[in-house]
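Encoded as structure tokens, the structure appears first; notes follow it.
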Amino acid sequence: ESVRFYYDHETHWITDNVGSIIATVPGSFQSELGCPGDWQPDCLRSWLQDLDGDGGYRLTLHGLAVGSYECKVAIAESWDENYGQGGVPGGASIPFAQTYADYQLDFAYDSVTHILSVTSSLFADGFEDGWIQNWSSGAP
């Protein structure tokens, strides 16, 4: 296997496919992120990143259109290793909803249990009081 290096301009995270798990969230929303289509495990616009090295991989999205979506976690930009509901290998897609256009979506993947949680919250940019309403789906 050859070494591939990855860099994210927004987070400034630099990693490689040997020292890190390269996990993405392919799903029915990816075309809205600018991917060539939906369900694309090799589109890094839905790349989960473990910035602090604790095994918890995260992705935050802003501006996704209101609607119902589904996703999974794919490893190494491929369907060869993927996880669905409850962290089941090759399991059922994880449903989630974007109920308000001004909410952000937070995806959190646990690399030990393989469970992906999707949380929607009020985009708190500029809010000093920290008031956020959350709901979560996809966790068992």
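Values in this text are rule-based calculations from the coordinates and carry no lab data. Source: prediction; values computed, not measured. Cβ atoms come from the backbone with ideal geometry, glycine included; neighbour counts cover every protein chain shown.
Is there a quick way to get the dipole size of the chain? I mean about its Cα centre, with the Cβ of Lys and Arg at +1 and of Asp and Glu at -1; what is the value in debye to the nearest 20?
On the way: 4 positive and 20 negative charges, 67 e Å.
With only Lys, Arg, Asp and Glu charged at Cβ, the dipole is about 320 debye.
Rg and Dmax of the range 1-96 over Cα atoms: what are they, in angstrom?
Over the range 1-96's Cα set, Rg and Dmax evaluate to 13.1, 40 Å.
For the range 34-84, rounded, prolate or oblate, judged on the Cα gyration tensor with a ≥ b ≥ c (square roots of eigenvalues), a/c < 1.5 rounded, else prolate if a/b > b/c?
Numbers: a/c = 1.76, a/b = 1.21, b/c = 1.46.
Note, shape of the range 34-84 comes out oblate.
How much net charge surrounds A74 when only other residues with a Cβ under 11 Å from its Cβ are counted (Lys, Arg +1; Asp, Glu -1)? It would help to have the intermediate numbers written out before the result.
Numbers: positive: K72; negative: D42, E77, D80, E81.
Around A74, the surrounding residues sum to -3.
What are the ³J(HN,Hα) couplings of the range 49-57, residue after residue, when phi is run through the Karplus curve with 6.51, -1.76, 1.60 and θ = phi - 60°? Round to Hz, x for glycine and proline.
So the Karplus estimates, Gly and Pro as x, are 10, 9, 5, 9, x, 8, x, x, 9 Hz.
Across the range 100-106, in residue order, what do the Karplus-derived ³J(HN,Hα) couplings come to in whole Hz, using 6.51 cos²θ - 1.76 cosθ + 1.60 with θ = phi - 60° and x for Gly and Pro?
Each residue's phi maps through the Karplus curve to give 9, 5, 8, 8, 9, 10, 10 Hz.
Taking the Cβ of G27 as the centre, find all other residues whose Cβ is under 11 Å away and add up their charges (Lys, Arg: +1; Asp, Glu: -1). It would help to have the intermediate numbers written out before the result.
Details: positive: K72; negative: E32, D38, E70.
Neighbour charge sum, excluding G27 itself: -2.
Starting at the first residue of the range 19-30, write each ³J(HN,Hα) from the Karplus equation 6.51 cos²θ - 1.76 cosθ + 1.60 with θ = phi - 60°, in whole Hz, x for Gly and Pro.
x, 9, 7, 9, 10, 10, 10, x, x, 6, 10, 5
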